[in-house]
Amino acid sequence: MLLRRMLSTTASAAPKHIKTTLKNATAVCFDVDSTVLINEGLDDLASFLGATDEVAAITREAMGGNMPFEVALSKRLDIVKPSKQDIDNFLEAHPPQFTNGIHDFIKALRKNGTTVYLISGGFEPLILPAAKLLDVPPENLFANRFIHDENGVYSKFDETAFTSSSGGKSRGIAHIQEINGGADKCSVVMVGDGANDLEAKPPAEIVIGYGGIVEREVVKEKADYFITDFQELIDIIEE
């Protein structure tokens, strides 16, 4: 059955099925860039390495649903080609910057007995510092991986990662359900800002679009529910 989609600014306006699904979720999976963090990690890395505009334009195309994710990923990395040293230097200069309310929302979810996962089209080395600060264990992080040669020079990205291609978040969530007793025992909610987050359903029960950093029309239109402030979801959990 199709869920009714609605835009809202208050918890009281949330449809009952959205509230019930969120409260009863076994797991909530978060996108990272422009959802958990205020930035787009690969774009910022590109800027750090002097390749800002071209990479950011490709990201906009992909997140708006106008370019297959794997094509965008390959195009961006062919431009950036980050070495291990480049990544280390970037992380030292750019500590994680979290979106407003994300810590409190995750705290509310855990108090409710919900497990938190990060499932991102970004890259593990760029996300791990944020995951650590959020107390998300590495096994609850699903993201892309760089492959470097023995000298630390960028070679390619790992095409076996769930999120290395379109539909990856759906595959990642199916895996999460599998390791938690199957779909019948593990209900999942996806929260994210991009078109690729919409692909999480199914097997996610609902996709909550987040527009607190970037509002994408395709996400506002097609997500089961849309917010711009995590406080709304905190209010739902706590009411």
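Take the residues of the range 127-147 that are surrounded by fewer than 17 Cβ atoms within 10 Å (Cβ to Cβ) and aliphatic (A, V, I, L, M): which is farthest from GLN97 (Cα to Cα)?
Residues of the range 127-147 that are surrounded by fewer than 17 Cβ atoms within 10 Å (Cβ to Cβ), as a first pass: 129, 132-133, 135, 137-139, 145, 147.
Filter once more, keeping what is aliphatic (A, V, I, L, M): 133, 147.
Details: LEU133: 11, ILE147: 26 Å.
Here the residue is ILE147.
Checking GLN177 against (1) out of contact with any helix residue (DSSP H, G or I) (no Cβ under 7 Å at 6 or more places or on another chain); (2) open to solvent by less than 50 Å² (accessible area, probe 1.4 Å); (3) assigned to a strand (DSSP E or B), which test does it fail?
All conditions pass for GLN177, except number (3).
Among the residues of the range 108-123, are any among the charged types (D, E, K, R), closer than 24 Å to GLU199 by Cβ and touching a strand residue (DSSP E or B) at 6+ places or on another chain (Cβ under 8 Å)? Can you show your working first?
To start, the set of residues in the range 108-123 that are among the charged types (D, E, K, R) comprises 110-111.
Still in the running and closer than 24 Å to GLU199 by Cβ: none.
So far as the range 108-123 goes, no, none of its residues is among the charged types (D, E, K, R), closer than 24 Å to GLU199 by Cβ and touching a strand residue (DSSP E or B) at 6+ places or on another chain (Cβ under 8 Å).
Can you find a residue that is open to solvent by 20 Å² or more (accessible area, probe 1.4 Å) and farther than 20 Å from PRO15 by Cβ anywhere in the range 226-238?
No, because not a single residue in the range 226-238 is open to solvent by 20 Å² or more (accessible area, probe 1.4 Å) and farther than 20 Å from PRO15 by Cβ.
Of (1) out of contact with any Gly (no Cβ under 9 Å at 6 or more places or on another chain); (2) open to solvent by 20 Å² or more (accessible area, probe 1.4 Å), MET190 satisfies all except one. Which?
(2)
Looking at (1) in a helix (DSSP H, G or I); (2) at positive phi, which one does SER47 not meet, given that it meets all the others?
So the condition that SER47 fails would be (2).
Please go through the range 150-177 and give me each residue that is of a type in the set (Gly, Ala, Ser) and under 18 Å from the mean Cα position of the chain (by Cα), ordered by number. Write out each step before concluding.
Narrowing the range 150-177 to residues of a type in the set (Gly, Ala, Ser): 152, 155, 161, 164-168, 170, 172, 174.
Scanning the range 150-177 gives ALA161, SER164, SER165, SER166, GLY167, GLY168, SER170, GLY172, ALA174.
A quick yes/no check of all residues on (1) open to solvent by less than 10 Å² (accessible area, probe 1.4 Å); (2) within 23 Å of ARG60 (Cβ to Cβ); (3) modelled with pLDDT under 90:
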{"site": "SER155", "(1), (2), (3)": "no, no, yes"}
{"site": "SER165", "(1), (2), (3)": "no, yes, yes"}
{"site": "ILE173", "(1), (2), (3)": "yes, no, no"}
{"site": "VAL207", "(1), (2), (3)": "yes, yes, no"}
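Given the criteria under 22 Å from GLN177 (Cα atoms) and modelled with pLDDT of 85 or more, does GLY101 qualify?
Values: under 22 Å from GLN177 (Cα atoms): no; modelled with pLDDT of 85 or more: yes.
No; evaluated as a whole, the condition is false for this residue.
For the range 62-85, state whether one or more residues are over 18 Å from the mean Cα position of the chain (by Cα) and aromatic (Phe, Trp, Tyr).
no
Counting only residues that are out of contact with any strand residue (DSSP E or B) (no Cβ under 6 Å at 6 or more places or on another chain) and either closer than 14 Å to LYS19 by Cα or surrounded by fewer than 24 Cβ atoms within 10 Å (Cβ to Cβ) (or both), which one in the range 193-205 is modelled with the lowest pLDDT?
Ranking the qualifying residues of the range 193-205, first place goes to ALA195.
Working carefully through the options ILE106, ILE119, ILE79, ILE102, find the one that is hydrophobic (A, V, I, L, M, F, W, C) and in contact with a Lys or Arg (Cβ under 7 Å, 6 or more places away or on another chain). Show your work before the answer.
On the way: ILE106 fails: in contact with a Lys or Arg (Cβ under 7 Å, 6 or more places away or on another chain); ILE79 fails: in contact with a Lys or Arg (Cβ under 7 Å, 6 or more places away or on another chain); ILE102 fails: in contact with a Lys or Arg (Cβ under 7 Å, 6 or more places away or on another chain).
When all the criteria are applied, what remains is ILE119.
The values are calculated or read from the model by the stated rules, or taken from the named source; none is laboratory data. Being a predicted model, the structure only gives us computed values, none of them experimental. Virtual Cβ from ideal backbone geometry, glycine too; neighbours counted across all protein chains shown. Accessible surface is based on the protein model in full, side chains and every heavy atom, while ligands, DNA and RNA are left aside. Shrake-Rupley method; radii C 1.70, N 1.55, O 1.52, S 1.80 Å.
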